[in-house]
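Worksheet: one structure, shown below.
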């Protein structure tokens, strides 16, 4: 967008306090940080963001929000209250189950209902929006997460784990609210059993949420062949994925990245808003039942043909050019919606990106 003469103003809400402004090269753009860390109640957090963001988007022509977080909803609500149009990056994702994931499914629906521009990653996402009868313009653009992945893709996959052993590495992340309590207990029980399998080691990357991290430390600390790792950067996570024979995760981003990297994935959810990776053969939906997860892992590790079939790289979520398509669509929208008197302002429009 900057290359098209559109001035950007980036707004970091503070939902993830460990998010470094340097990740966005903020020296190149005006930016603000709201200081709104997550407080345990996502609806309250969205309301706080909406209230505080209005001052930051004064004079903007468009507010761009990405994803399904309470920050994204807050950014959209704040823009609506200020009378500013909204563009939603990652529009149309649906699990068709309001409880899985909660509250993200409701947040997506609410953002999409009022957005002027809806940037759907896949044709299936666009079909969801058409079925709901949204009023905004729909564009199928791919997912910007794949843009970032292809820019940062690590080297070829190693034939052995990092420490030089011949053990096959399993990478695990889990943090979804619907997994808290019994779900985490079941996943941990399964991981302890998997760690007893021959020639296997497990790396569990802990989530920044201290409640989730503490629970996993209590459940898995001291387990042989299982290593707990503190939260890491995106590049570090991609390297861990590249070094893994199999990933177990409930992360939405990993569901997009694993197929492109050709790393087999077991999705630790009962429902997913990203079924394209399952359709491409790169992922299996296994839920949080300990027996089902364990049996699936054991079967895959004992049948190299099945595992190899899931390891063929595929790109169901985009080709790495989503950002360009989004920028072109925004430029065209602004040229049509800004009045002649606003011609100069159109070139200097402030586009807040609420993360």
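Throughout, read-outs are computed from the coordinates displayed, never taken from laboratory work. These numbers come from a predicted model, not from an experiment. Neighbour counts are summed over all protein chains in view; Cβ atoms, including those assigned to glycine, are modelled from backbone coordinates with ideal geometry.
Worth pointing out:
- Nearest 10 degrees, 0 to 90: helix 210-220 Cα axis against the chain principal axis: 10 degrees
- Residue 284-residue 151 FRET efficiency (beta carbon distance; Förster radius 35 Å; 0.05 resolution): 0.80
- Residue order, fewest to most surrounding Cβ atoms within 10 angstrom, among 250, 114: 114, 250
- Panel values: the range 160-310, Kirkwood radius from alpha carbon pairs, Stokes-Einstein at 20 °C and 1.002 mPa s, translational diffusion coefficient 140 µm²/s.
- The calculated Kirkwood hydrodynamic radius for the chain is 21.3 Å, given to one decimal from all distinct C-alpha pairs.
- Taken along the Cα-to-beta-carbon direction at a fixed 7 Å, the label points for residue 127 and residue 193 span 3.6 nm.
- Spacing of the two label points (7 Å from each Cα toward its C-beta) at residue 7 and residue 319, in nm: 3.5 nm
- Calculated FRET value between residue 113 and residue 219, using beta carbons and R₀ = 45 Å, to 0.05: 0.70
- Residue separation of residue 305 and residue 106 scaled by 0.36 nm, minus their Cα-Cα distance, works out to 67.7 nm of gained length.
- Ranked packing of 186-195, 323-332, most packed first, by mean Cβ within 10 Å: 186-195, 323-332
- Crossing angle, helix 252-261 versus the chain [Cα axis fit, 0-90 degrees, rounded to tens]: 70 degrees
- Global size of the range 37-165 as Cα Rg and Dmax, reported in angstrom: 17.4, 59
- Pair residue 312, residue 230: separation of 7 Å Cα→Cβ label points (nm): 4.2 nm
- Helix 322-337 and the longest principal axis of the C-alpha atoms of the chain enclose an angle of approximately 20°.
- With the helix formula -39500 (n - 2.57) applied to DSSP H stretches of n ≥ 4, the chain reaches a computed 222 nm mean residue ellipticity of -12000 deg cm²/dmol.
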